Amino acid sequence: MINTYSHKLHSVFTLLALLLASMAFAQEGASLPNVAVLAFTGNPQSVTNDEVAAITSSFEAELMNTGKVNVMERRSMDLVMSEQGLQQNMECNSGDCVQMNRLAGVGHVITGSISKINNLYSMNLKMVNVKNGQNELSHTLDVTGGIENVIREGCFEMAQIFSGIKKTTSARSTLAEKKPLVWPWVAGGVALTAGVVTAVVILMQPNDTKKTATIAE
């Protein structure tokens, strides 16, 4: 009986915490849509849990930085998921997930999966409207250049898309690694070096050679 009472008391405090978090969340930016980012999933044969967690956190931070949406704090989201007996990396297409996010004051939920083939990472994200459970936006971004480029450039690109800043005309796009422009500098350095060597050779010529050249002229 004590355990039952303790569980009920814990549920009450949890719901109270959720209510306060929801009120604060709503007041933070009443004119902006409220969004929650669920933990992304990954193919264990190609990407590690640490890589998936890093990509999730980076995307969440980049989404916040757009200033176009209110992103629910991960701690509050974990509390909601735990109380509802749901996993963070679940697919948000069930009634339970919709009800859970309504309780948290969230209008949209973003889920994602990460896969890798050789040096190509694929970020497959989708945004679900929790009011009707409909998928409002899906996009796959193929990123080359390793995990660093995914975190640095890929997450920024996807945040621009899912915040509505950048419009896409297709469901899939590619982001190549940005190579530093070093060849012009190398070419300039080679030319400068060649010029210096030529000047040194001329100055090191014997005086007789210089005189002969003068007489010939």
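A few notes on this one:
- S31 vs. criteria at pLDDT 75 or above and in contact with a helix residue (DSSP H, G or I) (Cβ under 6 Å, 6 or more places away or on another chain): no
- The residues of the range 142-180 that are within 14 Å of N119 (Cβ to Cβ) and assigned to a strand (DSSP E or B), listed by number, are D142, V143, T144, T174, L175.
- Test: residue in the range 143-150 that is under 22 Å from N49 (Cα atoms) and either touching a residue at least 40 places away in the same chain (Cβ under 8 Å) or outside the structural domain of I55 (by TED's automatic domain parsing) (or both): yes
- Residue-level analysis places T66 among those that are of a type in the set (V, I, T) and modelled with pLDDT of 95 or more.
- Under the condition of being surrounded by 16 or more Cβ atoms within 10 Å (Cβ to Cβ), outside any strand (DSSP E or B) and modelled with pLDDT of 90 or more, the residues counted in the range 89-140 number 0.
- All of (1) at pLDDT 85 or above; (2) hydrophobic (A, V, I, L, M, F, W, C); (3) within 26 Å of P44 (Cα to Cα) hold for V71 with one exception: (3).
The values are calculated or read from the model by the stated rules, or taken from the named source; none is laboratory data. The structure displayed is predicted, hence computed values, not measured ones. Virtual Cβ from ideal backbone geometry, glycine too; neighbours counted across all protein chains shown.
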